[in-house]
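K.L.:
Take this structure, written in structure tokens, and hold onto it; I'll ask about it next.
The values are calculated or read from the model by the stated rules, or taken from the named source; none is laboratory data. Every value quoted in this text rests on a predicted model; they were computed, and no experiment measured them. FYI the Cβ positions are ideal-geometry reconstructions off the backbone, even for glycines, and counts take in every protein chain you see. Ligands, DNA and RNA are stripped out before the accessible areas are found, and what is left, the full protein with its side chains, is counted by its heavy atoms. Shrake-Rupley method; radii C 1.70, N 1.55, O 1.52, S 1.80 Å.
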Amino acid sequence: MRYERYSFKHKETIVTILAENERQYKLAVDAILMARRLIEERIKKDPYFLITYEPYEIDELDEGLDEVTSRMVRASRIANVGPMAAVAGTISAVAVESMVDAGDFALVDNGGDIAMHAYEDVTIGIFTPKNLNLGFKINPRGFYSVCTSSGTVGHSVSLGFADAVTVFAEDASIADCFATRIGNEIKEDFGKKEIKNVLKELWRNAKNYIDGLLVIKDEIIGKIGKVPKLKKVHIEPDLITKG
């Protein structure tokens, strides 16, 4: 596939956009700005939306709940986290959905929360403090998402100590929320056994909404469900989206 790599920053949103052409890039930017505006309007209307770590309780028929924030609310309820846990994945998904009007291939990486539309292999690296140079190839065969949360890398809020929790799913809002939910459960003193137990426990509910999940803590790797085969990849630090 042939694509151009773009970077875009607006307030807290810092994204890498892979697009076949400049029109796709402009569509993505417009979608990102639209999504942020709707989220900011919801926060202005109800600041609790921004700060709660619990699912956001609101009448589904509330006229003020737009398509973007309704995705976040639904995903947060499924994963039992606050709606802002879905913000990066939701923005990525909205951007990619807008891009397919101008090309078949589209990918948006919003600080490790990736939404894409492709029919060819895409190589994705997983960055951790020890930089294990691990990654995988995935063929989305349409819309797909790979969302990662970390308690040791980046500025996202995590109550746990995983270096990376990566979730594979079609729905980026749900993937983003489950990455946060599972990451919160990985404690500082957890070893391989404790991580395995957490994955088994949370998978009972998660498997109804996601395809698979991967946890990396120090040099411990745990996974459950459908996870692409890990392989050594060369991670270029300059290409990491630092959101």
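K.L.:
Any residue at all in region 13-20 that is among the small types (Gly, Ala, Ser), more than 25 Å from TYR209 (Cα to Cα) and either surrounded by 16 or more Cβ atoms within 10 Å (Cβ to Cβ) or touching a strand residue (DSSP E or B) at 6+ places or on another chain (Cβ under 6 Å) (or both)?
P.N.:
Looking through region 13-20, at least one residue is among the small types (Gly, Ala, Ser), more than 25 Å from TYR209 (Cα to Cα) and either surrounded by 16 or more Cβ atoms within 10 Å (Cβ to Cβ) or touching a strand residue (DSSP E or B) at 6+ places or on another chain (Cβ under 6 Å) (or both).
K.L.:
Then there's this: For region 27-34, check the following and say yes or no: at least one residue is hydrophobic (A, V, I, L, M, F, W, C), under 15 Å from the mean Cα position of the chain (by Cα) and open to solvent by less than 20 Å² (accessible area, probe 1.4 Å).
P.N.:
Scanning region 27-34 turns up at least one residue that is hydrophobic (A, V, I, L, M, F, W, C), under 15 Å from the mean Cα position of the chain (by Cα) and open to solvent by less than 20 Å² (accessible area, probe 1.4 Å).
K.L.:
Could you check GLY183 against (1) open to solvent by less than 20 Å² (accessible area, probe 1.4 Å); (2) modelled with pLDDT of 95 or more; (3) out of contact with any Cys (no Cβ under 6 Å at 6 or more places or on another chain) and say which number it fails?
P.N.:
Single failed check for GLY183: (2).
K.L.:
Can I ask one more? If you scan region 74-94, which residues turn out to be buried (at least 23 other Cβ atoms within 10 Å of the Cβ) and of a type in the set (Val, Ile, Thr)?
P.N.:
The answer is VAL81, VAL87, THR90, ILE91, VAL94.
K.L.:
Can I ask one more? Please enumerate the residues belonging to region 95-105 that are assigned to a helix (DSSP H, G or I) and surrounded by fewer than 24 Cβ atoms within 10 Å (Cβ to Cβ).
P.N.:
Of everything in region 95-105, those that are assigned to a helix (DSSP H, G or I) and surrounded by fewer than 24 Cβ atoms within 10 Å (Cβ to Cβ) turn out to be GLU97, SER98.
K.L.:
Another one. If only one of ALA86, ALA115 is modelled with pLDDT of 95 or more and closer than 19 Å to ASN21 by Cβ, which one is it?
P.N.:
Criteria check complete, one pass: ALA115.
K.L.:
Restricting region 190-219 to residues that are among the small types (Gly, Ala, Ser) and surrounded by fewer than 21 Cβ atoms within 10 Å (Cβ to Cβ), which is farthest from ILE174 (Cα to Cα)?
P.N.:
Only one residue fits best here, namely GLY191.
Results for (1) of a type outside the set (D, E, K, R); (2) assigned to a helix (DSSP H, G or I), shown as yes or no for each residue.
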{"residue": "ILE32", "(1), (2)": "yes, yes"}
{"residue": "GLU41", "(1), (2)": "no, yes"}
{"residue": "LYS44", "(1), (2)": "no, yes"}
{"residue": "PHE49", "(1), (2)": "yes, yes"}
{"residue": "GLU54", "(1), (2)": "no, no"}
{"residue": "ARG71", "(1), (2)": "no, yes"}
{"residue": "SER76", "(1), (2)": "yes, yes"}
{"residue": "VAL81", "(1), (2)": "yes, no"}
{"residue": "MET84", "(1), (2)": "yes, yes"}
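K.L.:
Hey, among ARG37, ARG42, ARG71, which residue is at pLDDT 95 or above and in contact with a Ser or Thr (Cβ under 9 Å, 6 or more places away or on another chain)?
P.N.:
Within the list ARG37, ARG42, ARG71, the selection yields ARG71.
K.L.:
If you check VAL108 against the conditions, is it open to solvent by less than 10 Å² (accessible area, probe 1.4 Å) and either of a type in the set (A, V, I, L, M, F, W, C) or modelled with pLDDT under 95 (or both)?
P.N.:
So VAL108 fits the description; yes.
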